Amino acid sequence: MSSPLSKPQIIAHIQKSLNYTVFDSKWIPCSAKFVCLGNFARGTGVMQIYEVQHGEAQLVKEVEKPKPIKCGTFGATSLQQRHIATGDFDGNLNIWNLEMPEVPVYTVKAHKEIVNSIDGVGGLGIGDGAPEIVTGSRDGTVKVWDPRQKDSPVANMEPMEGETKRDCWTVAFGHAFNDQDRCVCAGYDNGDIKLFDLRNMSLRWETNIKNGVCCVEFDRKDINMNKLVATSLEGKFHVFDMRTQHLTKGFASVSEKAHKSTIWQVRHLPQNRDIFMTAGGAGNLHLWKYEYPAQRSKKDSDGVEVGVAGSVNLLQNVTLSTQPIASLDWSPDKQGLCVCSGFDQSVRVLIVTKLNVA
């Protein structure tokens with residue numbers, strides 16, 4: 001029997017109250033700094049940079065922007081530049097140099113409505129190929145941008161004529177393991193999950209999980225697709241094994257009900273792709289580990305390979321707030337360090353222990 005202390009512990013190291021609604025928080029790679037994005041009550045956007053020093057979060061810089069900022073990513077920048085790409089309530093995609101964040105280094109009117117979600121690949125030494133940014137919006141479209149190309153997206157996934165436009169809540173890159181291959185996964189308010197193959201410019205797979213899809217994330221962006229986690233409104237999440245795609249059955253998956261409230265976000269541990277954290281609407285965090293089955297695929301009655309899903313174990317959970325935790329980001333450099341922010345207008349730096357023995 002293992003003692004409770006041998007399990008990973010989630011420790012709230014620093015808590016900082018903010019005077020605005022914070023939507024996203026991200027670690028700045030190769031630093032002890034993080035950035036918070038959100039909006040002031042007066043309807044303007046805000047970007048704040050904090051540095052962790054002596055157990056405190058010190059405000060380094062604050063800039064106000066005309067429009068509330070919903071989401072950000074460092075995924076398409078180099079480790080030297082560390083520019084952050086953001087999506088705002090007015091549908092703009094901006095890229096900022098955090099050393100001089102007053103004027104964007106790149107800007108484009110990406111969508112007609114709010115940019116709900118953003119992801120980047122090809123930067124930070126993660127994923128082969130061009131640096132690209134994907135945005136998903138309330139206008140129903142998912143667009144891929146190359147910051148080296150000014151005004152038009154390199155790919156635009158939108159509903160066909162006559163199709164209902166669904167609110168796209170989440171987007172994520174994956175399968176970027178060589179110069180040619182790359183996929184984008186998008187989740188929508190009606191439970192649709194769509195996997196777009198950017199190499200062939202085609203819809204590779206789609207499914208519906210019966211509930212609005214709040215977050216999708218591949219366990220790694222820069223490998224042959226391995227696993228995808230999708231979280232939903234009713235406290236359920238699904239882990240899809242992306243190695244074996246069956247013609248009619250698609251990908252094998254396991255689903256788990258974490259709790260009754262919405263799972264706003266999922267983030268895989270950068271140092272171990274089988275451990276991930278979900279952030280919930282009741283102010284809680286759950287740390288999970290995926291266990292692979294003995295065999296990841298088997299032959300069906302027709303002799304065709306079909307995937308076999310594994311199982312999910314809860315390693316630890318903690319309640320930090322009475323309000324939803326809407327964003328979470330692991331430090332890419334220090335295992336177990338993460339930052340999360342919620343609708344209680346707080347940002348927290350957490351330390352998760354014993355991840356190497358989990």
Any hit, segment 192-202, residues being open to solvent by less than 10 Å² (accessible area, probe 1.4 Å), modelled with pLDDT of 95 or more and out of contact with any helix residue (DSSP H, G or I) (no Cβ under 6 Å at 6 or more places or on another chain): yes
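Would you check if there is a residue in segment 288-302 being polar (S, T, N, Q), in a strand (DSSP E or B), farther than 24 Å from S17 by Cβ and touching a residue at least 24 places away in the same chain (Cβ under 8 Å)? If you could, list the steps in order and put the result at the bottom.
Just the residues of segment 288-302 that are polar (S, T, N, Q), to begin with: 295, 297, 301.
Then keep just the ones that are in a strand (DSSP E or B); that gives 297.
When the remaining residues are screened for being farther than 24 Å from S17 by Cβ, the result is 297.
After this cut, where a residue has to be touching a residue at least 24 places away in the same chain (Cβ under 8 Å) as well, the list is 297.
Yes, some residue in segment 288-302 is polar (S, T, N, Q), in a strand (DSSP E or B), farther than 24 Å from S17 by Cβ and touching a residue at least 24 places away in the same chain (Cβ under 8 Å).
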Residues (open to solvent by less than 40 Å² (accessible area, probe 1.4 Å), outside any strand (DSSP E or B) and modelled with pLDDT of 95 or more) located in segment 41-61: G43, T44
Failed criterion for I69 (all others in (1) farther than 20 Å from Q265 by Cβ; (2) open to solvent by less than 40 Å² (accessible area, probe 1.4 Å); (3) not aromatic (F, W, Y) hold): (1)
Unique residue being open to solvent by less than 40 Å² (accessible area, probe 1.4 Å), in a strand (DSSP E or B) and modelled with pLDDT under 95 when the list is V312, V306: V306
Residue pairs meeting the criteria (Cβ under 6 Å; at least 6 apart or on separate chains; first closer than 16 Å to F74 by Cα, in segment 85-112; second surrounded by fewer than 19 Cβ atoms within 10 Å (Cβ to Cβ) and polar (S, T, N, Q)): N94/T107; V105/N97
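Mind telling me which of the residues G162, G125 ends up being in contact with a Leu (Cβ under 9 Å, 6 or more places away or on another chain), in a loop (DSSP other than H, G, I, E, B) and at pLDDT below 95? Break it down into steps so the answer makes sense when it comes.
On the way: G162 fails: in contact with a Leu (Cβ under 9 Å, 6 or more places away or on another chain).
Residue meeting the stated conditions: G125.
Among V115, V103, which is within 25 Å of Y50 (Cβ to Cβ), open to solvent by 20 Å² or more (accessible area, probe 1.4 Å) and either modelled with pLDDT under 95 or among the aliphatic types (A, V, I, L, M) (or both)? Steps first, please.
On the way: V115 fails: open to solvent by 20 Å² or more (accessible area, probe 1.4 Å).
So the residue among V115, V103 that is within 25 Å of Y50 (Cβ to Cβ), open to solvent by 20 Å² or more (accessible area, probe 1.4 Å) and either modelled with pLDDT under 95 or among the aliphatic types (A, V, I, L, M) (or both) is V103.
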Count - residues of segment 1-40 that are more than 25 Å from V266 (Cβ to Cβ), modelled with pLDDT of 95 or more and open to solvent by 70 Å² or more (accessible area, probe 1.4 Å): 2
Test result for A130, surrounded by 17 or more Cβ atoms within 10 Å (Cβ to Cβ), over 16 Å from T77 (Cα atoms) and not β-branched (V, I, T): no
Cross-chain or 6+ apart pairs with Cβ under 8 Å, segment 335-358 first and assigned to a loop (DSSP other than H, G, I, E, B), then among the aromatic types (F, W, Y) and at pLDDT 95 or above: Q345/Y20
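The values are calculated or read from the model by the stated rules, or taken from the named source; none is laboratory data. Fair warning: this is a prediction, and the values are worked out from it, not measured in the lab. Here the Cβ is made from the backbone with ideal geometry for all residues, glycine too, and neighbour counts use every protein chain on show. SASA here: full protein model, heavy atoms, side chains in, ligands and nucleic acids out. Shrake-Rupley method; radii C 1.70, N 1.55, O 1.52, S 1.80 Å.
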